[in-house]
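Contents: one structure, followed by commentary.
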Amino acid sequence: MRKILLVGSTGSIGRATIEVINRHPDQLSLVAICARGYSETLLDQIQNLKPRYTIITDPTARSRLQAEGLDIRDSGLLFELIRSERVDTLVFAKSGIGLVELIIEAIRNKKRVCLATKEVIVSFGELINHELEKHQGSLLPIDSEHVAIHQCLDRRRVADVRRVILTASGGPFHDREDLSQVTVAEALRHPVWPMGKKITIDSATMMNKGLEMIEAHYLFRIPEDRIEVLIHPECIIHSLVEFHDSSILAQLSHPDMRLPIQYALLYPERFPSLVGPLDLAAIKTLTFERPKPERFPCLGLARGA
């Protein structure tokens, strides 16, 4: 039974994580949830999930809920739980680099870290890898592309890899020629994935894919010049790995974040998921195109960085 601390319980990844945990009550137990502030979603989670611990980092929101008679703890409990045997798995489901100290503490205490936070790996990849090697830690990404790469590489040698191909939906503008009149509302309408505003905008500009290239470099120790990006609007193939013998392995599934979340939580075991099977005959066609540098300059900026 994995004992889980979920940081960022009210966002889209946090809510999907809870669905996965509820799907596997014999394997997964939600011990603690953490959110930044007050919301109806958080209240529903406290009342329906009844976690042993609820942590709120914003003092005003914490005081408000404590005044309502709820047992709400401050962020100091996060470190206490990480250093204890009350949790063995941490899911970091919120963006930003503010979690880096918690993540390093979790690695040092040999917890399984399930990470949906690109910024931490992009900003502190060398430090995170040093801690993982020093403490024989476990870190698994919660990201459809990197979970796909992890599955294709599982128990295979990185030395045998010729290149990694990250797939991208291309966002709402990959086939639009004139981008001079783009509106915020259009940029926020992602054609495939329901996500928060920041990552949706990053996907529209493909900055998100640029960050994923950097992330793949650190997660899998793959040189930058062996990481490529292809636009794949159907979002069925989530990434591919080509080996020196020219064979390519790919991971295919419906675009649903609950599957990579389940993979990270339960690896190396496989269980039935909330995601239905693929009907390849119904899908019929999978298409690919190279991203145009002039349309998505953020890719070049990320590669240069």
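Computed from backbone phi, the HN-Hα couplings of the range 252-265 come to 10, 5, 4, x, 8, 5, 5, 6, x, 5, 4, 4, 5, 6 Hz, rounded to whole numbers (Karplus: 6.51 cos²θ - 1.76 cosθ + 1.60, θ = phi - 60°; Gly and Pro given as x). Taking label positions 7 Å along the Cα-Cβ direction at both VAL275 and SER246, the computed distance is 3.1 nm, reported to one decimal. The 3J(HN,Hα) values that the Karplus relation (6.51, -1.76, 1.60; θ = phi - 60°) gives for the range 224-229 are, in residue order, 4, 6, 10, 10, 10, 10 Hz. Gly and Pro appear as x.
For the Cα atoms of the chain, what angle does the longest principal axis make with the long axis of helix 207-220, in degrees from 0 to 90, nearest 10? Helix 207-220 and the main axis of the chain meet at about 80 degrees. Full extension of the chain between GLU68 and SER180 gives 35.3 nm of extra length, using 0.36 nm per residue less the Cα-Cα distance. Angle of helix 144-153 to the longest C-alpha principal axis of the chain, folded into 0 to 90 degrees and rounded to 10: 70°.
Under a model in which nothing but the beta-carbon of Lys, Arg (+1) and Asp, Glu (-1) is charged, the chain shows a dipole of about 580 debye around its Cα centre.
Computed from backbone phi with θ = phi - 60° and the Karplus coefficients 6.51, -1.76 and 1.60, the 3J(HN,Hα) list for the range 79-86 is 5, 4, 5, 4, 7, 9, 8, 6 Hz; x is used for glycine and proline. Taking each DSSP H run with n ≥ 4 as -39500 (n - 2.57) and averaging over every residue of the chain yields -11500 deg cm²/dmol at 222 nm. Relative to a virtual label point 7 Å from the Cα of ALA282 in the Cα→beta-carbon direction, which members of the range 8-37 show backbone nitrogen distances below 14 Å? What the label zone holds, given the 14 Å backbone N cut-off, is no residue at all. A Förster distance of 30 Å, applied to the separation of the beta-carbon atoms of ASP58 and TYR267, puts the FRET efficiency at 0.35. Among the lysines of the chain, pairs at least eight places apart or on separate chains and with Cα atoms under 20 Å apart come to 17. So for the range 64-112, Kirkwood radius off the Cα pairs, Stokes-Einstein at 37 °C and 0.692 mPa s: how many µm² s⁻¹? Approximately 270 µm²/s, per Stokes-Einstein.
Once the chain from SER84 to LYS292 is taken as fully extended at 0.36 nm per residue, the excess over their C-alpha distance is 69.9 nm. Our note on the geometry: Cα centres of the range 273-305 and the range 204-230, 13 Å apart. Of the solvent-accessible surface of the chain, computed with a 1.4 Å probe and all protein chains present, 51% belongs to carbon and sulfur.
Close amide H partners of ARG73, meaning residues 5 or more places away or on another chain with modelled amide H under 5 Å apart, are THR54, ILE55, ILE56.
Tell me the trypsin sites (Lys or Arg not before Pro) within the range 157-256 that lie in a loop according to DSSP and have at most 15 other beta-carbon atoms within 10 Å. Walk me through the numbers on the way to the answer.
Details: sites: ARG157, ARG162, ARG163, ARG176, ARG189, LYS197, LYS198, LYS209, ARG221, ARG226; in loops: ARG157, ARG176, ARG189, ARG221.
Within the range 157-256, the qualifying trypsin sites (Lys or Arg not before Pro) (loop, at most 15 other Cβ atoms within 10 Å) are ARG157, ARG176, ARG189, ARG221.
At a 10 angstrom cut-off on C-beta neighbours, averaged per residue, how do the peptides 111-123, 278-290, 77-89, 43-55 rank from highest to lowest?
On the way: 111-123: 22.5, 278-290: 9.8, 77-89: 17.4, 43-55: 15.7.
Packing order, densest peptide first, comes out as 111-123, 77-89, 43-55, 278-290.
A crude spin-label estimate for the pair GLN136 and VAL192, with each label 7 Å from Cα along the Cβ direction, gives 3.8 nm. Hey, what angle do you get for helix 12-23 against the long axis of the chain, alpha-carbon based, 0 to 90 degrees rounded to 10? Here the helix axis deviates by roughly 70 degrees. Measuring max minus min along each principal axis, the C-alpha atoms of the chain give extents of 57, 46, 41 Å (largest first).
The values are calculated or read from the model by the stated rules, or taken from the named source; none is laboratory data. Here the structure is a predicted model, which is why all the values come from computation and not from measurement. Note that we place each Cβ from the backbone using ideal geometry, even for glycine, and neighbour counts take in every protein chain shown. Protein only, heavy atoms only, side chains kept; ligands, DNA and RNA dropped before computing areas. Shrake-Rupley method; radii C 1.70, N 1.55, O 1.52, S 1.80 Å.
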